[in-house]
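I have placed the structure first, in the form of structure tokens, so that the comments after it can refer back to it.
The values are calculated or read from the model by the stated rules, or taken from the named source; none is laboratory data. This structure is a prediction, so every number in the text was calculated from the model and none was measured. With ideal geometry, Cβ positions are generated from the backbone for all residues, glycine too; neighbour counts draw on all protein chains shown. Surface areas here come from the heavy atoms of the whole protein model, side chains and all, with no ligands, DNA or RNA. Shrake-Rupley method; radii C 1.70, N 1.55, O 1.52, S 1.80 Å.
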Amino acid sequence: MSADRRSVLVGGAALAGAGIASGGIASAAIARGGIAGRAFALTLPCGEAPVAQTTYGDVRGETQDGINVFRGIPYGAPTGGDARFQPPQPPKSWGGVREATKFGDQCPQNAPPPTPAWASWAVSTGESEDCLVLNVWTPGLADGKKRPVMVWLHGGGYSVFNGSAPVYDGTRLCQRGDVVVVTLNHRLNLFGYLYLADLAGDRFADSGNIGQLDIVAALQWVRDNIAAFGGDPGRVMIFGESGGGGKVSTLMAMPAAKGLFHRAAIESGPGLTGIKPDEATETARAVCRAMGVSEHDAGALVHAPVDRLLDALKTVTSGMPRGFGPVVDGRSLPRDPFTPDAPGVSADVPVIVGYNATETTVLFPPAGAFDLDWAGLKTDLVARAQGADVDKLIADFRRLRPGASPSDLYFIITTEASMGAGSRTLAERKSAQGAAPAYLYRLDLETPVQRLRSPHSLDLPLVFDNVAKSASLLGASAPEAQKAADQMSAAWIAFAHTGSPNATGLASWPRYDTRSRSTMLFNVVSRAVNDPNSDERQIIAALPSGRGA
């Protein structure tokens, strides 16, 4: 194709919106082929905005750095009014060409406490119950290629954030790996996970997993539409971090999601269990009390004002992004995601799972965590490691790391006893299933910013290859981070293409099993090591419940 022309996907309704006359060659081609209203390729002068046809209508995006970008495409109808706490419905079709150049609204939420390390990723979006929207980055439209699709599920503990942050920009993944990237918004907190089935009856039977069902609807949209954006609906990878990792884990146990994705990556968020109905019902009762509504009239929450619901949410959760998540309701989620074993419904799906070496430098550290003395370390661990012999725990880790400070040990122990143990357990159970491989990693790169070491979320700019958009976390100049990003993004792209993260230029990454416990240690120079923290792993495994803090 010549340098001044390119191919875009349009439909019958898109022609007028793209500024093309109804007569002449274009309309003659429609008449001869009888394809009005169907997708086809048309060469337009370079500079025209890209237009694509979806099952609900045509959308016009924009081109940035050679990548076609579409923002705020509806995959579901508004969720307010009688649709609140109900499964998602398809959006209404539209005529003409819908502009898709701005991010859509996020789910209503209470802003979490600020995290200075994430300041670079701030994004201004609207907020409403009309939040079922997604964004697409693609190198080509209707060019005959079938690219793997990488569908991102954002973090935020099932309660906050959106899929529009700059660190999730898919441009560099598209440029580097010839993939299609999709990010999305869905219902969160009590709008997405308030379990009312036991209080308000059968009409609300699915209310505890509405947020997950929204994601299923988005994946159905991908299945039905992504070919028009140059993607392959038969090679869809879901990946997410923190709460997004938990969403991925949960989807792997949901029958409704079967066949909608073919690879899965779980970053710093191994979801082993869901919330039990009794616990979820107690949370719903707490919301009713905060709203001044009888639990016998919980259905009245359907028409409560959004601001009052957010006030009640703040009361119930003390303003923190917690307390809500997928419910093992026996319907959309019939079992715990990865307990006692890996779910059979996704047995054929390969998995990447892993964590960052010191997650808890950002993940809710207690006051004074960076300046602990030995007494303070014991106090904080006693509060977290229920029933553990904390004196022995500290002594064992001091023996393994004699030069570590009390703060060093706090971050290592609390990370290994939570994200580390959970990631290993998920990998073990997936490996034991024997159907599709699991690949385990640990991110050891350290940021020079503050004293954060290898914090929660450090993987985000590396996987998306968006180091330049992450100065608040990585520093203004981050050549070492870029070297790690080159390797992590290449591995994730290879996984999207083939189901294996082994990529050119990256050290061999063997699949995980309990004999070798091979783990990829990502850093400036990355390498796979067998059972890299064997002694620490065994100390953590001996704690009550095998998970510790």
Quick one: is residue 345 modelled with pLDDT of 95 or more, in contact with a His (Cβ under 6 Å, 6 or more places away or on another chain) and over 15 Å from residue 536 (Cβ atoms)?
-> no
Has region 412-433 got any residue that is without any contact (Cβ under 8 Å) to a residue 60 or more places away in the chain and open to solvent by 10 Å² or more (accessible area, probe 1.4 Å)?
-> no
β-branched (Val, Ile, Thr), within 22 Å of residue 216 (Cα to Cα) and modelled with pLDDT of 95 or more - does that describe any residue in region 40-56?
-> yes
Only one of 297, 329, 341, 311 that is over 20 Å from the mean Cα position of the chain (by Cα), under 30 Å from residue 79 (Cβ atoms), of a type in the set (Asp, Glu) and in a loop (DSSP other than H, G, I, E, B) = 329
Does residue 78 qualify as being over 23 Å from residue 179 (Cβ atoms), touching a helix residue (DSSP H, G or I) at 6+ places or on another chain (Cβ under 6 Å) and open to solvent by 30 Å² or more (accessible area, probe 1.4 Å)?
-> no
Picking from 280, 286, the residue that is at pLDDT 95 or above and either out of contact with any Gly (no Cβ under 6 Å at 6 or more places or on another chain) or not in a helix (DSSP H, G or I) (or both) would be 286
What pairs come up if the first residue lies in region 249-277 and is assigned to a loop (DSSP other than H, G, I, E, B), the second is open to solvent by 10 Å² or more (accessible area, probe 1.4 Å) and among the hydroxyl-bearing types (Ser, Thr, Tyr), and their beta carbons are under 8 Å apart, counting only those six or more places apart or on different chains?
-> 254/332; 268/242; 269/242; 270/425; 272/339; 272/425; 273/339
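Just give me the residues in region 500-517 being touching an Asp or Glu at 6+ places or on another chain (Cβ under 8 Å) and either open to solvent by 60 Å² or more (accessible area, probe 1.4 Å) or polar (S, T, N, Q) (or both), in sequence order. Outline the logic, then answer.
Initially, region 500-517 is screened for residues touching an Asp or Glu at 6+ places or on another chain (Cβ under 8 Å), giving 505, 512, 514, 516-517.
Matches in region 500-517: 505, 514, 516.
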Limited to region 344-372, what total is found for residues that are of a type in the set (Gly, Ala, Ser), open to solvent by less than 10 Å² (accessible area, probe 1.4 Å) and assigned to a loop (DSSP other than H, G, I, E, B)?
-> 0
Taking region 46-75 and keeping only residues that are under 21 Å from residue 166 (Cβ atoms), in contact with a helix residue (DSSP H, G or I) (Cβ under 9 Å, 6 or more places away or on another chain) and not aromatic (Phe, Trp, Tyr), one is left with 64, 65, 66, 67, 68, 69, 73
Considering residues of region 98-115 that are open to solvent by 70 Å² or more (accessible area, probe 1.4 Å) and modelled with pLDDT of 95 or more only, the residue nearest to the chain's Cα centre (by Cα) = 102
Kindly list, by first and then second residue, each pair from a residue in region 283-295 that is closer than 10 Å to residue 315 by Cα to a residue that is of a type in the set (A, V, I, L, M) and open to solvent by 20 Å² or more (accessible area, probe 1.4 Å), limited to pairs with Cβ atoms under 7 Å and residues at least 6 apart or on different chains.
-> 286/316; 287/316; 290/316
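Considering only region 397-411, how many residues are under 14 Å from residue 377 (Cα atoms) and surrounded by fewer than 24 Cβ atoms within 10 Å (Cβ to Cβ)? Working first, answer last.
First, the residues of region 397-411 that are under 14 Å from residue 377 (Cα atoms): 397-398, 404-411.
Still in the list and also surrounded by fewer than 24 Cβ atoms within 10 Å (Cβ to Cβ): 397-398, 404-409.
Adding up the residues that qualify gives 8.
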Taking only pairs six or more apart or across chains, which ones have beta-carbon atoms under 6 Å, a first residue in region 514-537 that is among the aromatic types (Phe, Trp, Tyr), and a second residue that is surrounded by 15 or more Cβ atoms within 10 Å (Cβ to Cβ) and not in a strand (DSSP E or B)?
-> 522/484; 522/488
Inside region 143-162, the number of residues satisfying the requirement of being touching a residue at least 12 places away in the same chain (Cβ under 8 Å), part of a loop (DSSP other than H, G, I, E, B) and out of contact with any Phe, Trp or Tyr (no Cβ under 7 Å at 6 or more places or on another chain) is 8
Can you spot a residue in region 119-142 that is of a type outside the set (S, T, N, Q), in a helix (DSSP H, G or I) and open to solvent by less than 30 Å² (accessible area, probe 1.4 Å)?
-> yes
Counting only residues that are more than 22 Å from the chain's Cα centre (by Cα) and hydroxyl-bearing (Ser, Thr, Tyr), region 484-518 contains a total of 6
For residue 321, all conditions in the list (1) open to solvent by less than 10 Å² (accessible area, probe 1.4 Å); (2) within 18 Å of the chain's Cα centre (by Cα) hold save one; what is the number of the exception?
-> (1)
Within region 102-132, track down each residue that is touching a strand residue (DSSP E or B) at 6+ places or on another chain (Cβ under 7 Å) and among the aliphatic types (A, V, I, L, M).
-> 132
Per-region count, region 434-445, residues in contact (Cβ under 8 Å) with a residue 40 or more places away in the chain and either surrounded by fewer than 21 Cβ atoms within 10 Å (Cβ to Cβ) or more than 28 Å from residue 336 (Cα to Cα) (or both) = 5
Considering only region 462-499, state which residues are open to solvent by less than 10 Å² (accessible area, probe 1.4 Å) and hydroxyl-bearing (Ser, Thr, Tyr).
-> 470, 489
